[in-house]
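J.: One structure, pasted below without further comment.
The values are calculated or read from the model by the stated rules, or taken from the named source; none is laboratory data. As the structure is a computational prediction, the values presented were derived from the model and not from experiment. Note that we place each Cβ from the backbone using ideal geometry, even for glycine, and neighbour counts take in every protein chain shown.
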Amino acid sequence: MFKKVSYLIFALLLFAGAQVFVGCDTSGEDEPYLPITMPAALIGTWNSSGGDSYTIDASEVVYNDSWDLFGFKGAVKKVRGHGGRPSPGYITICSTVADPSGPIAGNYFVIHYILTSSGVTMGGAAFAGDPDGNYGGDGKATQEIAEAVYTVQNGYFDACGNYTK
């Protein structure tokens, strides 16, 4: 029961945490996402008007919601840029902290981002139709599965928050 409630909280926070949501850009999705280094513009602490935040550096991503109910921390495994450009892109992490409502430690999770003139639009993978029935919140067992499943085209990232430094 707790796990189901945790998934519901996870989904609500991903969809309501930043309060100002926009759909993640899907233009030009026919180009491949190619491995790149972490864009310098993405490194730092990003805050939304709703109080949640991401802290990103070349080796780690930390997310904290505004209610301290959900968060995740993970080692950066790959950054992929659309057509090899710095934005839009995906960051694949391996969860390093066990959180009852976040990705399971050791599982892989993906964050989608779009750098903008005023900051960044980003969000973690969440989709009510996730084949595991958990909104994608547990992460996936392998990096390859996470990167294949957690995509805009597959219905994930339909809501992303706007963040500024």
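J.: Among the residues of the stretch 18-37, is any modelled with pLDDT of 80 or more, surrounded by 19 or more Cβ atoms within 10 Å (Cβ to Cβ), in a loop (DSSP other than H, G, I, E, B) and in contact with a strand residue (DSSP E or B) (Cβ under 7 Å, 6 or more places away or on another chain)?
T.: no
J.: Does D130 count as over 15 Å from the mean Cα position of the chain (by Cα) and either part of a strand (DSSP E or B) or at pLDDT below 90 (or both)? Working first, answer last.
T.: Values: over 15 Å from the mean Cα position of the chain (by Cα): no; either part of a strand (DSSP E or B) or at pLDDT below 90 (or both): yes.
When the stated conditions are applied, D130 does not pass them.
J.: Moving on to the next point. Can you name every residue in the stretch 135-152 that is modelled with pLDDT of 90 or more and not acidic (D, E)?
T.: Keep residues of the stretch 135-152 that are modelled with pLDDT of 90 or more, which gives 139-152.
Matches in the stretch 135-152: G139, K140, A141, T142, Q143, I145, A146, A148, V149, Y150, T151, V152.
J.: Same structure again: Of all residues being hydroxyl-bearing (S, T, Y) and in contact (Cβ under 8 Å) with a residue 40 or more places away in the chain in the stretch 97-115, which is surrounded by the fewest Cβ atoms within 10 Å (Cβ to Cβ)? Just the residue, please.
T.: Of the residues in the stretch 97-115, the ones hydroxyl-bearing (S, T, Y) are 101, 108, 113.
Still in the running and in contact (Cβ under 8 Å) with a residue 40 or more places away in the chain: 101, 113.
Working: S101: 21, Y113: 26.
Per the stated criteria, the residue is S101.
J.: Something else about it: Can you pull out every residue in the stretch 140-158 that is of a type in the set (A, V, I, L, M, F, W, C) and farther than 17 Å from R80 by Cα? Steps first, answer last, please.
T.: Filtering the stretch 140-158 for residues of a type in the set (A, V, I, L, M, F, W, C) gives 141, 145-146, 148-149, 152, 157.
Answer for the stretch 140-158, where residues must be of a type in the set (A, V, I, L, M, F, W, C) and farther than 17 Å from R80 by Cα: just A141.
J.: Hey, can you tell me all the residues within the stretch 58-113 that are among the polar types (S, T, N, Q), touching a strand residue (DSSP E or B) at 6+ places or on another chain (Cβ under 6 Å) and over 15 Å from W46 (Cβ atoms)?
T.: We begin by selecting, within the stretch 58-113, every residue among the polar types (S, T, N, Q); these are 59, 64, 66, 87, 92, 95-96, 101, 107.
Now drop any that are not touching a strand residue (DSSP E or B) at 6+ places or on another chain (Cβ under 6 Å), which leaves 59, 64, 87, 92, 95-96, 107.
Those that are among the polar types (S, T, N, Q), touching a strand residue (DSSP E or B) at 6+ places or on another chain (Cβ under 6 Å) and over 15 Å from W46 (Cβ atoms): S59, T92, S95, T96, N107.
J.: I would also like to ask the following. For the structure I just gave you, tell me whether V61 is surrounded by 18 or more Cβ atoms within 10 Å (Cβ to Cβ), closer than 26 Å to S49 by Cβ, in contact with an Asp or Glu (Cβ under 8 Å, 6 or more places away or on another chain) and not hydroxyl-bearing (S, T, Y). Can you show your working first?
T.: Numbers: surrounded by 18 or more Cβ atoms within 10 Å (Cβ to Cβ): yes; closer than 26 Å to S49 by Cβ: yes; in contact with an Asp or Glu (Cβ under 8 Å, 6 or more places away or on another chain): no; not hydroxyl-bearing (S, T, Y): yes.
Considered against the rule, which asks whether it is surrounded by 18 or more Cβ atoms within 10 Å (Cβ to Cβ), closer than 26 Å to S49 by Cβ, in contact with an Asp or Glu (Cβ under 8 Å, 6 or more places away or on another chain) and not hydroxyl-bearing (S, T, Y), V61 comes out as no.
J.: For G129, indicate whether it is loosely packed, with under 15 Cβ neighbours inside 10 Å, closer than 27 Å to D68 by Cα and without any contact (Cβ under 8 Å) to a residue 40 or more places away in the chain. Talk me through it step by step, then tell me what you get.
T.: Working: loosely packed, with under 15 Cβ neighbours inside 10 Å: yes; closer than 27 Å to D68 by Cα: yes; without any contact (Cβ under 8 Å) to a residue 40 or more places away in the chain: yes.
Yes, satisfied.
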